[in-house]
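The structure appears below as structure tokens.
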């Protein structure tokens, strides 16, 4: 009888996207085939401590709240550097059975910015999704947009500022370059946290304060009036793209509230109503973006469609896996059901590890 793969699903984290991570992790675990996988659930609380959890605990902590958070209950654990997936129970000092692969279901800083991916590399354990470089690039909107621009891929015009420049930002200068309205957003955050749409001068200062609450660097970006299209990508060296889907927000834009709190915040149309030639262009461009930003495993690419013009908004290396998230829905509509998608992501993680083991840069990895 074939041994079950031991998979560590890691969720929570110190990010403001902690609550979304829990919703995603619950769905990932419920979609995993218990006949194939021995699941180890690790919850990272908001202070950054890692705790062994049971799915029943996670389900209990999520009851009665759209935006739950982990408690600090459960034995503390950490990976052993160079331990090939071995965990240590910090509460008892016991060395636990190694895991074969990690499935990080973490959003935002400390989760998809390359930091924890570096920890997995040091621990010598395969993991789902982009590596250190791809994660860091995609998380920083300024860096990713500059790389897209360098690759000749259309993306909205933008300006970037650090906190020390806050008082230098003038409404008329921004409006002259980007037009009005425009968006103010943290440079390295997702789930539409900290984003404001600015239409007039008196709205700029509050928008800047809000964005700088979450990041020391912000983007001010042109407003693109058009359809919001998303496409899922899956693969390593030979990625493939799903059918595109469309988000039709009922709010002014696809805000955090529209995504996760208001059940009628947006209509998801999957597949999007598009001509076949446009579908193929979007899929091809999604793969170009995936490669340009050094991604692996999975990503969701977000577009604006302005008439016939396709503009890349951003790429997300750990897309949501909540009950309303586009990434698994897009693959389901493209012929890959949720459980099979999980299988493929784990297979890609192990494939990536085997490829890296052949490189001379690694010794006994």
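The values are calculated or read from the model by the stated rules, or taken from the named source; none is laboratory data. Values in this document were obtained by computation on a predicted structure and should not be read as measured data. Because the Cβ atoms are built from the backbone with ideal geometry, glycine has one as well, and the counts that use them run over all protein chains shown.
Kindly evaluate residue 320 against the criterion of being outside any helix (DSSP H, G or I) and more than 18 Å from the chain's Cα centre (by Cα).
No: the conditions fail for residue 320.
Being farther than 30 Å from residue 353 by Cα and either surrounded by 15 or more Cβ atoms within 10 Å (Cβ to Cβ) or free of Cβ contacts under 8 Å to residues at least 24 places away in the same chain (or both) is true for just one of 192, 242, 188. Which residue is that?
None of the others qualify; the one that does is 192.
Checking the conditions here, which among 170, 146, 141 is in contact with a strand residue (DSSP E or B) (Cβ under 6 Å, 6 or more places away or on another chain) and farther than 24 Å from residue 4 by Cα?
None of the others qualify; the one that does is 141.
Name, by its number, the condition in (1) touching a strand residue (DSSP E or B) at 6+ places or on another chain (Cβ under 8 Å); (2) part of a loop (DSSP other than H, G, I, E, B); (3) at pLDDT 95 or above that does not hold for residue 238.
So the condition that residue 238 fails would be (1).
Residue pairs, Cβ under 9 Å, 6 or more apart or interchain, first in region 265-291 and assigned by TED's automatic domain parsing to the domain that holds residue 316 and free of Cβ contacts under 8 Å to residues at least 24 places away in the same chain, second assigned to a helix (DSSP H, G or I) and surrounded by fewer than 16 Cβ atoms within 10 Å (Cβ to Cβ). List them.
Matching pairs, first to second residue: 265/257.
Could you figure out which of (1) closer than 14 Å to residue 315 by Cβ; (2) outside any loop (DSSP other than H, G, I, E, B) isn't true of residue 173?
(1)
Taking region 256-286 on its own, how many of its residues are in contact with a strand residue (DSSP E or B) (Cβ under 8 Å, 6 or more places away or on another chain) and modelled with pLDDT under 95?
Residues meeting the conditions: 6.
Looking at region 176-216 only, could you name the residues that are within 22 Å of residue 107 (Cβ to Cβ), part of a helix (DSSP H, G or I) and over 20 Å from the mean Cα position of the chain (by Cα)?
210, 212
Among the residues of region 53-75, is there at least one that is assigned by TED's automatic domain parsing to the domain that holds residue 117, buried (at least 17 other Cβ atoms within 10 Å of the Cβ) and modelled with pLDDT of 90 or more?
No, because not a single residue in region 53-75 is assigned by TED's automatic domain parsing to the domain that holds residue 117, buried (at least 17 other Cβ atoms within 10 Å of the Cβ) and modelled with pLDDT of 90 or more.
For region 1-19, what are the residues that are under 18 Å from residue 345 (Cβ atoms) and either within 15 Å of the chain's Cα centre (by Cα) or crowded, with 22+ Cβ neighbours inside 10 Å (or both)?
If the condition is that a residue be under 18 Å from residue 345 (Cβ atoms) and either within 15 Å of the chain's Cα centre (by Cα) or crowded, with 22+ Cβ neighbours inside 10 Å (or both), then 7, 8, 9, 10, 11 are the ones that fit.
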